[in-house]
1. With a ≥ b ≥ c taken as the square roots of the eigenvalues of the C-alpha gyration tensor of segment 1-63, please select rounded if a/c is under 1.5 and otherwise prolate if a/b is larger than b/c or oblate if it is not?
2. Specify the inter-centroid distance of segment 102-165 and segment 17-41, based on alpha-carbon positions, in whole Å.
3. Sort 108-121, 21-34, 145-158 by packing, meaning the average of other beta carbons within 10 Å per residue, with the highest value first.
4. If packing is taken as the mean number of other Cβ atoms within 10 Å per residue, what is the order of 127-136, 69-78, highest first?
5. Quick one: grab the alpha carbon gyration tensor of segment 126-190, order the square roots of its eigenvalues as a ≥ b ≥ c, and give me rounded if a/c is under 1.5, else prolate or oblate depending on whether a/b is larger than b/c.
6. Can you tell me how the chain classifies by the Cα gyration tensor, rounded, prolate or oblate, using a/c under 1.5 as the rounded cut?
7. State the antiparallel share, in %, of DSSP beta bridges confined to the chain, rounding to the nearest 5.
Ligand SMILES: C[S@@+](CC[C@H](N)C(=O)[O-])C[C@H]1O[C@@H](n2cnc3c(N)ncnc32)[C@H](O)[C@@H]1O
């Protein structure tokens, strides 16, 4: 048996969580790889809301889903994920974040602690019981460690009665490899 690599494990969690007909969120669309993957899982009756603050990312995402014939299943939104509650009004089965910057783009445009935490808080309200928020935490770049620490501090305080919090990480790899935080909603929050 081989331990699943970080990105393999992300796809495994999404496949286990998302069913045809589900509403799902790609909180950091980037080049649209996760958006397209989620659109496959959500099927014709489901829908993906994909957020990014860069027009370049929204255009790449729209192009990727169009080429895959999945455009009817995706709404790409040029807005920060901290405004998710303004755009997504239905219960959500899963959300994914890839933190950090878009490779090949402006490395100064990064996800930030305050906006990431606001988005997680709002998504936890929108999330169905049995649903999951997955964060791929890249922390090697400038600003990455501050975001990682704020995130760990916040998710560690979530009450286990309502949210199960997993950290999946290879701890002997060099150069700040990414790791996963997964939040599973197990009970509607009071
Ligand atoms: C690591 S990349 C995402 C990679 C993407 N998942 C893919 O498959 O290509 C992070 C993205 O987050 C975006 N971003 C930064 N702040 C954001 C915010 N507040 N809301 C939504 N997206 C944001 C960046 O513009 C960048 O495209």
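1. Details: a/c = 2.66, a/b = 1.33, b/c = 2.01.
Note, shape of segment 1-63 comes out oblate.
2. If you average the Cα positions of each part, the centres end up 17 Å apart.
3. Working: 108-121: 17.5, 21-34: 24.0, 145-158: 15.2.
Highest-to-lowest ranking by the protection proxy: 21-34, 108-121, 145-158.
4. My ranking of the peptides, most packed first, is 127-136, 69-78.
5. The shape class here is prolate.
6. Rounded is the answer for the chain, as its axis ratio a/c remains below 1.5.
7. Taking every DSSP beta bridge with both residues in the chain, the antiparallel ones total about 40 percent.
Coordinate-derived values only; no laboratory data. What you are looking at is a predicted structure, and each value in this text was computed from that prediction instead of being measured. All Cβ positions, glycine included, derive from the backbone under ideal geometry; neighbour counts span all protein chains shown.
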